[in-house]
Amino acid sequence: MRAVLQDRYGSPDLVRLGEVEKPALSDDRVLVRVRAASVNAGDWRRVRASPWLVRATEGWRRPRSPLLGVDAAGVVEAVGKGVTALRPGDEVMGFRMGAFAEYVAGRMFVPKPSNLSFEEAAAVPVAGGTALVALRDKGNLQPGQRVVINGAGGGVGSFAVQIAKTLGAEVTATTSTANLDFVRSLGADAVLDYAREDFTRTGTRYELIVDVGGKPSLGAMLEALEPGGRLVRIGAGKGALGPLGSFAAAMFRKRVLRQPIVSFIADLQHEHLLTLKELIEARKVRPVIDRTYPLRQTAEAIKYVESERARGKVVITI
């Protein structure tokens with residue numbers, strides 16, 4: 001089968017299209033013929049080994065597996081004998097390493113929302129699931145509370161604005177000048193241009209801040225919280241240590257300084273995907289696609305996501 005491969009760390013230009021064996025099917029997995037996949041920040045970070053800590057899990061000198069991509073949507077071709085929830089012919093979405101390929105085999109797949117195309121469904125799993133975990137599970141967001149989505153123009157941020165509204169929150173979103181109208185269209189109650197306005201200096205206090213963008217400083221964001229509020233930080237963080245540095249800082253502030261900060265990389269489960277499916281089919285949440293690329297142009301898609309100019313999600317068609 002055709003698959004996008006990475007033989008060594010470096011520029012996305014090193015990514016190539018090659019031929020590999022179709023993945024083996026085990027008892028608890030489904031084999032999916034991939035129709036579309038989407039690019040996440042984790043993909044370019046893995047390609048470049050940035051932060052450096054990526055090498056600890058993916059391979060010190062070169063990637064242990066050459067396969068790339070996580071999000072996928074497609075059609076079930078075969079199921080393991082232990083699988084009862086899906087059957088051949090079902091249209092599904094989910095995630096599994098190696099999604100930038102014609103086939104992928106994994107456990108984390110659920111029925112595709114009936115009102116989405118394969119391209120739209122491929123945009124959902126990681127970004128939508130991360131936003132859901134940040135707001136509901138880590139942030140404990142309640143109806144009527146004020147929340148800031150700091151960095152709302154990308155994949156995770158665009159889902160976070162919509163999910164926060166479904167949870168009954170009053171949503172303030174920050175984004176770049178170019179994305180102001182886009183973020184308003186997602187339903188945010190207030191949209192701030194972070195190049196001109198600092199939400200921590202408006203005098204408003206929030207029950208929850210979800211930080212996707214990385215600015216302003218941790219201290220300033222913590223000061224913008226209501227008593228009992230919480231700051232949830234998403235992603236790999238900055239610097240050579242990436243998440244390790246972020247988690248260490250969060251642990252120090254939480255345990256030593258007793259500050260209400262949570263830093264995480266989502267551990268997504270079937271329940272998260274099924275909740276997103278329900279929200280999408282109820283037309284409360286929708287994925288937004290900026291651009292699509294054919295499989296042979298995956299390197300260009302990865303570079304575009306790395307540029308941080310994407311408005312919503314970037315999808316690979318297969």
Whole-angstrom gap from the stretch 99-119 to the stretch 278-300, using each part's C-alpha centre: 12 Å
DSSP loop trypsin sites (Lys or Arg not before Pro) with at most 12 other Cβ within 10 Å excluded, longest remaining stretch of the chain: 82-195
Where the stretch 1-118 is the region considered: accessible area per residue in Å², 1.4 Å probe: 46 Å²
Per residue, in Å², the accessible surface of the stretch 127-190 once ligands and nucleic acids are set aside, probe 1.4 Å: 30 Å²
Any idea what diffusion coefficient the chain gets from Stokes-Einstein, in µm²/s, Kirkwood Rh on alpha carbon pairs, 37 °C, 0.692 mPa s? 165 µm²/s
The stretch 58-81 versus the stretch 12-31: alpha-carbon centroid distance in Å: 5 Å
What net charge do the residues around Ala160 carry, taking every other residue with its C-beta under 11 Å from that of Ala160, with Lys and Arg at +1 and Asp and Glu at -1? +1
If each K or R counts +1 and each D or E counts -1, the residues other than Val83 whose Cβ falls under 13 Å of its Cβ total 0
Which percentage, to the nearest 5, of the DSSP beta bridges contained in the chain is antiparallel? 55 percent
Report the net charge of residues surrounding Ala188, where surrounding means a beta-carbon distance below 15 angstrom and charges are Lys +1, Arg +1, Asp -1, Glu -1. +1
Taking protein heavy atoms only, a 1.4 Å probe, and rounding to whole percent, the accessible area of the chain owed to carbon and sulfur comes out at 48 percent
What residues qualify as long-range amide H neighbours of Ala173, i.e. H under 5 Å apart, gap of 5 or more or another chain, H built at 1.01 Å from N? Ile149, Ala190, Val191, Leu192
Which whole-Hz ³J(HN,Hα) couplings does the stretch 42-54 yield from phi under the Karplus relation 6.51 cos²θ - 1.76 cosθ + 1.60, θ = phi - 60°, glycine and proline marked x? x, 6, 6, 5, 5, 4, 8, 6, 10, x, 4, 4, 3
As an exercise, take the mean of 1/r over every pair of distinct alpha carbons in the stretch 31-151, invert it, and state the Kirkwood radius in angstroms. 16.0 Å
Note down the magnitude of the dipole of the chain about its Cα centre, charges +1 on Lys and Arg C-beta and -1 on Asp and Glu C-beta and zero elsewhere, to the nearest 20 debye. 660 debye
Would you mind calculating the gained length between Trp60 and Met97 on full extension (0.36 nm times residue separation, minus the Cα-Cα distance), in nm to one decimal? 11.5 nm
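The values are calculated or read from the model by the stated rules, or taken from the named source; none is laboratory data. The structure displayed is predicted, hence computed values, not measured ones. Virtual Cβ from ideal backbone geometry, glycine too; neighbours counted across all protein chains shown. Remember, those area values only see protein heavy atoms, side chains included, never the ligands or the DNA or RNA. Shrake-Rupley method; radii C 1.70, N 1.55, O 1.52, S 1.80 Å.
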